[in-house]
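Data block below; observations after.
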Amino acid sequence: MKTRGYATPGPTAPLGPFAFERREPGPADVVIDILYCGICHSDIHQARDEWGGSIYPMVPGHEIVGRVSRTGAAVTRFRPGDLAGVGCFVDSCRTCDACREGLEQYCERHLVATYNGREHDGTPTYGGYSATIVVDENYVLAIPADAALAGTAPLLCAGITTYSPLRHWEVGPGSRVGILGLGGLGHVGVRIAAALGAEVTVLSTSPGKEADARRLGAHRFLLTSDPERLRLARGTLDFILDTASAPHDLQPYLRLLARDGAMVQVGAPPEPASVAAFALISGRKTLAGSSIGGIRETQEMLDFCAEHGITADVEVIPISRVNEAYDRTVAADVHYRFVIDMATL
């Protein structure tokens, strides 16, 4: 089926109008008319081939909210008119241990990324900077009917990226949680951690973000560029969610953890970090990583956020400003996510 969107033909080229073909919907497929698509920093990394292996032409976008326009004959969970979401992947092998356990994000054979990936037959995938998308119903999320759609779109990546580790490490009432970095991921993480009942501290190098941190639900704000404040805060946190994407030294933050504390990385700095063994040995601390979430957990996150009134803080833009938004995102000139209004396509 014919559709249109915005694509980049190569790593140094801007995004621009692009006409392309989606597959014809099959019996298990849902056709979604896209209403909003968030801009994730990973869109920029992949569009500019900063992680390597980019496939061109590329239509980015994996924070998709839209309305169902058609369904295949075998679809049971959606019908035309329903709100629906699509996150970071649109298929997986379905047979490996991870897929059978509902952890499709860790698929051991072939996770099909929403864009810059390949279908099982090798066809490149195109993302949400487009008018429509066709997805198997097993990889489509239900969006609550009363959701604020623009603010919900980033939850399909930023929301589940922060929710999944908070749930896996059993953060809840009594947990002393640090959120490292108050950006596109971190600001959602603060809201979710606070809604889970944790005592939340924002760890930031930017003193100007303290008011925002408290507005979002943080109980404390620790300026990490102040060595004395860091020293006084040693051993005061049980869990740190590291959302920072710029290179940074992990050692000062590991010292903030109490015994048996965990620091989990969800940001993806371009350079590897070095950690001294004694930073972990002293206090039996854990340094771990976490990726998005499976379909079941992503739906749980969307329902949790709807129940607690959690959305992302967004700046809605027309698609004609997508290249400007990329540059502003790199310059950290957004509070805290750009979302494209696809009606402007």
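See the values below:
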| read-out | value |
| --- | --- |
| Count - residues of the range 16-52 that are assigned to a loop (DSSP other than H, G, I, E, B) and either in contact with a strand residue (DSSP E or B) (Cβ under 7 Å, 6 or more places away or on another chain) or among the charged types (D, E, K, R) (or both) | 8 |
| Which listed residue, of 330, 275, 322, is touching a Phe, Trp or Tyr at 6+ places or on another chain (Cβ under 7 Å) and over 19 Å from residue 190 (Cβ atoms) | 322 |
| Filtered residues of the range 80-113 (kept if polar (S, T, N, Q) and part of a loop (DSSP other than H, G, I, E, B)) | 92, 95 |
| Among (1) of a type outside the set (A, V, I, L, M, F, W, C); (2) within 21 Å of the chain's Cα centre (by Cα); (3) surrounded by fewer than 18 Cβ atoms within 10 Å (Cβ to Cβ) - the single one residue 337 does not satisfy | (3) |
| Subset tally (residues that are over 30 Å from residue 76 (Cα atoms) and either touching a Leu at 6+ places or on another chain (Cβ under 6 Å) or buried (at least 20 other Cβ atoms within 10 Å of the Cβ) (or both)) for the range 163-187 | 16 |
| Where a residue in the range 306-320 is in the same structural domain as residue 142 (by TED's automatic domain parsing) and its partner, wherever it lies, is aromatic (Phe, Trp, Tyr) and assigned to a loop (DSSP other than H, G, I, E, B), with Cβ under 6 Å and at least six apart | 313/336 |
| Members of the range 305-326 that are hydrophobic (A, V, I, L, M, F, W, C) and either within 12 Å of residue 14 (Cα to Cα) or within 16 Å of the chain's Cα centre (by Cα) (or both) | 305, 310, 312, 314, 322, 325 |
| Answer from 194, 277, 246, 262 - the residue that is under 25 Å from residue 155 (Cβ atoms) and loosely packed, with under 13 Cβ neighbours inside 10 Å | 246 |
| Among (1) within 19 Å of residue 123 (Cα to Cα); (2) part of a loop (DSSP other than H, G, I, E, B); (3) under 24 Å from the mean Cα position of the chain (by Cα) - the single one residue 6 does not satisfy | (2) |
| Members of the range 111-146 found to be touching a strand residue (DSSP E or B) at 6+ places or on another chain (Cβ under 7 Å) and under 21 Å from residue 311 (Cβ atoms), listed by number | 114, 128, 129, 140, 141, 142, 143, 145 |
| Number of positions in the range 257-276 that are over 22 Å from the mean Cα position of the chain (by Cα), modelled with pLDDT of 95 or more and either closer than 14 Å to residue 291 by Cα or not in a strand (DSSP E or B) (or both) | 0 |
| Close pairs (8 angstrom Cβ cut-off, 6 or more residues apart or separate chains): in the same structural domain as residue 148 (by TED's automatic domain parsing) and under 16 Å from residue 61 (Cβ atoms) in the range 332-343, hydroxyl-bearing (Ser, Thr, Tyr) and in a helix (DSSP H, G or I) anywhere | 338/329 |
| Number of positions in the range 12-49 that are among the polar types (S, T, N, Q) and surrounded by fewer than 16 Cβ atoms within 10 Å (Cβ to Cβ) | 1 |
| Conditions (1) free of Cβ contacts under 8 Å to residues at least 12 places away in the same chain; (2) in contact with a helix residue (DSSP H, G or I) (Cβ under 6 Å, 6 or more places away or on another chain): number failed by residue 229 | (2) |
| Pairs with Cβ under 8 Å, 6+ apart, first in the range 49-70 and closer than 13 Å to residue 128 by Cβ and assigned by TED's automatic domain parsing to the domain that holds residue 337, second in a loop (DSSP other than H, G, I, E, B) and β-branched (Val, Ile, Thr) | 61/114; 62/114; 64/114; 65/143 |
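Table: residues versus (1) surrounded by fewer than 18 Cβ atoms within 10 Å (Cβ to Cβ); (2) of a type in the set (Phe, Trp, Tyr); (3) under 19 Å from the mean Cα position of the chain (by Cα); (4) in a strand (DSSP E or B).
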residue: 66; (1), (2), (3), (4): no, no, yes, yes
residue: 73; (1), (2), (3), (4): yes, no, no, no
residue: 78; (1), (2), (3), (4): no, yes, no, no
residue: 115; (1), (2), (3), (4): no, yes, yes, no
residue: 126; (1), (2), (3), (4): no, yes, yes, no
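The values are calculated or read from the model by the stated rules, or taken from the named source; none is laboratory data. Just so you know, these numbers come straight off a predicted model, no measurement behind them. Glycine also receives a Cβ, built like all others from the backbone with ideal geometry; neighbour counts cover every protein chain displayed.
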